[in-house]
Amino acid sequence: MERDDQEYSQNSTAFSFDNGSQISVGTSQPFHLTQYTSENSPDIIDDIKSTYTQENVRVVWGTTINIQETIDLFKEFIRTYSNNDGVFVYLQRIEEMHELEDYVITLNCEHLKNTAYDRILTEILAYPVEIFPLLEIAVSDLYLEKYPSTPPAIKVLVSNIGNQKNIRDLHPEDVDTTVEVIGMVTKTSGIIPDITTAAYVCGKCKEVLTTEVVRGVIAEPVDCPCGQRFSMEMDSMLSSFQDKQVIKIQELPESVCDGLVPCTITVLASHVLTDGLSPGDKVRIAGIFRAVPLKLNYIHRTIKSSFKTYIEMVSYTKIAEEKMGRCSFDALEEIERLRNTEDVYEKLALSVAPSIYGMLDVKKALLLQMFGGVTKSLNGARFRGDINVLLAGDPGVAKSQLLLAVHRLIDRGVYASGKGSSAVGLTANVSRDMESGQHILESGALVISDGGVCCIDEFDKMGEATRSVLHEAMEQQTVSVAKAGIITTLNARCSILAACNPINSSYDPKKNIIENLDIPPTLLSRFDVVCLLLDRVNEKRDKEISTHIIKLYAGTEKPEEPPVKESVLKQYIKEGRNINPRITESAALRISKEYQELRLLGNGKSVTATTRQLESLIRLSEAHARMRLSHTVEEKDVSEAIRIIKDSLHIYAVDPVTGRIDMELLHTGKTTAALKLEDDLKELILRDIGKGSTVPKLMESLNTTARIQEKVLMTILEELQEDGKIMIDGLCITPN
């Protein structure tokens, strides 16, 4: 990030005061004295302004900012502002600064609007570079009045400035003004040391001289007071540094017009604002919109006519936290009312994708996925609490609409298509930064969805390379990267909601799920719940669905309101995800009993449940308890979880020949009966070939005992050859 550092650090502006009445900002140009006047000013401003005369007024060059008047006005605001409870919040913050030694104060610009101090807000928006040092001087003066000891440099941040713009709507006239944008973080750099005060030591007399950094340039002293020239060397131990981080944000997909590509912009964070954001965060950022010239090369001073823009951050707010803080009293009352409703489960489920008719059990599974189970760490091992769900079935049964509905209800997550996603697009990509020349790591969809839900449509159309990276992400919930000298492990602690179509676009109930879906058994076994959505002819249901869709399209009737509004449902889910329910003793016994019964379903002839089903049962039970906003998992939670598990197993783990649940399907892709048949055929083949045989003769011999296809026979022969039991030369077979 060296070039980023050089380029983006040109934002520093130094104030230089002379002995008279002139002041310049980062330049030696003088200004003419300007006195600010305003008719009908509030009394408090008139009192402050009356203390200044033409002789002692100093104004920042090129602006109407009266230096001392602005400082005194902001001091007066800090002294007088109190909230509804009568607390002087900013004076209290100054006391906290001293006690905690945290010298940062955040100004909420909402407190300035429509008051006698709204001129400060106007100056913050129009002249941020000039006004922020004055605000920091005002706070420092108030601090010194209460605590005479000299404090470190105080930092003033601002929030809720109100000048919100879309990233694509930032224009040249916005340069050097304060703007506010909303976007999603796509990339963050490491923490970069940024020098603020450079110290130089004379090699002869050891004299130390300091110089401030002005617009990213360090003016190296040439002459030493001892008379020696060009003897100064920078001493990093005596110099002052601050943290800096380069962040890239992108427009939110829902705010981009159809046919347009989301715009991105670089954000420069410094001091306490660094290391607070990660890829995937949806944020509201306030900052100074900057423009720096692009040089032809980094040797000559010649620059291009085009400029590069970025935002120098002055504050940020995560959208999820912002919405949580703005939760209205009515919403909290509605959540409490829902919590005490007996049919809260059905109401919440019906409110998921209300435009889709029916599918109550599918919506219940998706609802529990959004609540999720509790992640546990025991003896260094981590056990996931996130629930993975697969929607499989015929085309046109609203699988994609269900994915989009979940994506809207979860604040953090990515919607991706299996056909258009690559392995690095899902995990992480190592690329070379064009400005610094260094290799950087860019997060993929799974990493960005950390803490949320990653929705993947067309799951069956993924390439083999893309699928291979999902095995680790779905179970260990990590993504391992070892590329271009970067060896690391990234967190992908997210639920996966996938949708896929069957082979030939039609589900054949005579075949098992492995034969119907183009998904490897090892990947399929990592889903906690598999929902099968089939398009079957049912006259009554077809009439109900057609009537429902026609009403939606024609608008002849107002769509029926869902039991719970989307905003309330989102808040309810957030409340539930913050609860970590504890499994009671009775619930633990019930889970153990249900798992044992699952194991006995096969009567010893096939494996009907594994420890993965046990873990899924625990996760779904915890999710149901979270749905009730309960701090304990009870037997009724286990009852619903086992119902969903059994329904899911009867969908994707049943052998269509025997009608029994057979987990061998997910381990080997074959049922227990099929494996036994293969073993019997291998014994017959080894017995029939004797000293030698041919494929046609063997085929004829076996067909007298059992009907067998040539494709199946060739597969068995290849397995025997791999085991070293036979040798195949063309059509000839000889025992080994």
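Of everything in the range 480-492 that is surrounded by fewer than 21 Cβ atoms within 10 Å (Cβ to Cβ) and not in a strand (DSSP E or B), the residue that is modelled with the lowest pLDDT is 484. For the range 339-359, indicate whether the set of residues that are within 19 Å of the chain's Cα centre (by Cα), hydrophobic (A, V, I, L, M, F, W, C) and farther than 19 Å from residue 530 by Cα is non-empty. Scanning the range 339-359, I find no residue that is within 19 Å of the chain's Cα centre (by Cα), hydrophobic (A, V, I, L, M, F, W, C) and farther than 19 Å from residue 530 by Cα, so the answer is no. Here the range 405-436 is the region considered, the condition is being under 16 Å from the mean Cα position of the chain (by Cα) and part of a helix (DSSP H, G or I), and the residue that is modelled with the lowest pLDDT is 425.
Applying the condition of being more than 28 Å from the chain's Cα centre (by Cα) and polar (S, T, N, Q) to the range 169-218 and asking which residue is farthest from residue 109 (Cα to Cα) yields 210.
Of the numbered criteria (1) at pLDDT 85 or above; (2) out of contact with any strand residue (DSSP E or B) (no Cβ under 6 Å at 6 or more places or on another chain); (3) more than 17 Å from residue 164 (Cα to Cα); (4) not polar (S, T, N, Q), the one residue 244 fails is (2). When residue 160 is tested against (1) on the phi > 0 side of the Ramachandran plot; (2) in contact with a Leu (Cβ under 7 Å, 6 or more places away or on another chain), just one condition goes unmet, and that condition is (2). In the range 33-125, counting only helices (runs of 4 or more DSSP H) that sit wholly within it, the ones holding 1 or more residues that are within 27 Å of residue 272 (Cα to Cα) and at pLDDT below 90 span 67-80, 89-100. Kindly establish whether residue 377 is out of contact with any Pro (no Cβ under 9 Å at 6 or more places or on another chain) and hydroxyl-bearing (Ser, Thr, Tyr). Yes. Residues that are more than 27 Å from residue 614 (Cα to Cα) and surrounded by 12 or more Cβ atoms within 10 Å (Cβ to Cβ) do occur in the range 507-524.
Look at (1) in contact with a Gly (Cβ under 9 Å, 6 or more places away or on another chain); (2) surrounded by fewer than 18 Cβ atoms within 10 Å (Cβ to Cβ) and you find that residue 592 fails only one, number (1).
In the condition set (1) closer than 16 Å to residue 273 by Cα; (2) in contact with a Phe, Trp or Tyr (Cβ under 7 Å, 6 or more places away or on another chain); (3) part of a loop (DSSP other than H, G, I, E, B), residue 190 is compliant with all but (2). Selection of the range 137-158 for residues being surrounded by 17 or more Cβ atoms within 10 Å (Cβ to Cβ) and under 35 Å from the mean Cα position of the chain (by Cα) yields 154, 155, 156, 157, 158.
Can residue 402 be described as closer than 26 Å to residue 644 by Cα, at pLDDT 90 or above and surrounded by 15 or more Cβ atoms within 10 Å (Cβ to Cβ)? Taking the combined requirement at face value, the residue satisfies it. Starting from residues that are in contact (Cβ under 8 Å) with a residue 24 or more places away in the chain and surrounded by 13 or more Cβ atoms within 10 Å (Cβ to Cβ), keep the ones in the range 224-234 and report whichever is farthest from residue 152 (Cα to Cα). Looking at the filtered set, the residue picked out is 228.
Picking from residues in the range 268-289 that are over 17 Å from the mean Cα position of the chain (by Cα) and in a strand (DSSP E or B), the one that is modelled with the lowest pLDDT is 270. Consider the range 686-717 and keep the residues that are under 15 Å from residue 729 (Cα atoms) and exposed (fewer than 11 other Cβ atoms within 10 Å of the Cβ). The one that is modelled with the lowest pLDDT is 691. Just one residue in the set 243, 275 is surrounded by fewer than 17 Cβ atoms within 10 Å (Cβ to Cβ) and closer than 14 Å to residue 312 by Cα; that residue is 243. Out of the residues in the range 247-265 that are outside any loop (DSSP other than H, G, I, E, B) and modelled with pLDDT under 85, state the one that is surrounded by the fewest Cβ atoms within 10 Å (Cβ to Cβ). The qualifying residue surrounded by the fewest Cβ atoms within 10 Å (Cβ to Cβ) is 254.
Of the set (1) assigned to a helix (DSSP H, G or I); (2) more than 12 Å from residue 453 (Cα to Cα), all apply to residue 392 but (1). Scanning the range 339-347 for residues that are part of a strand (DSSP E or B) and surrounded by 15 or more Cβ atoms within 10 Å (Cβ to Cβ) turns up nothing. Condition test on residue 218, is it closer than 30 Å to residue 415 by Cβ, among the β-branched types (Val, Ile, Thr) and surrounded by 12 or more Cβ atoms within 10 Å (Cβ to Cβ)? Against the criterion (closer than 30 Å to residue 415 by Cβ, among the β-branched types (Val, Ile, Thr) and surrounded by 12 or more Cβ atoms within 10 Å (Cβ to Cβ)), residue 218 does not qualify. Number of residues in the range 98-154 that are in contact (Cβ under 8 Å) with a residue 60 or more places away in the chain, within 13 Å of residue 75 (Cβ to Cβ) and of a type in the set (A, V, I, L, M, F, W, C) equals 6.
The values are calculated or read from the model by the stated rules, or taken from the named source; none is laboratory data. Here the structure is a predicted model, which means the values were calculated and not measured. Virtual Cβ from ideal backbone geometry, glycine too; neighbours counted across all protein chains shown.
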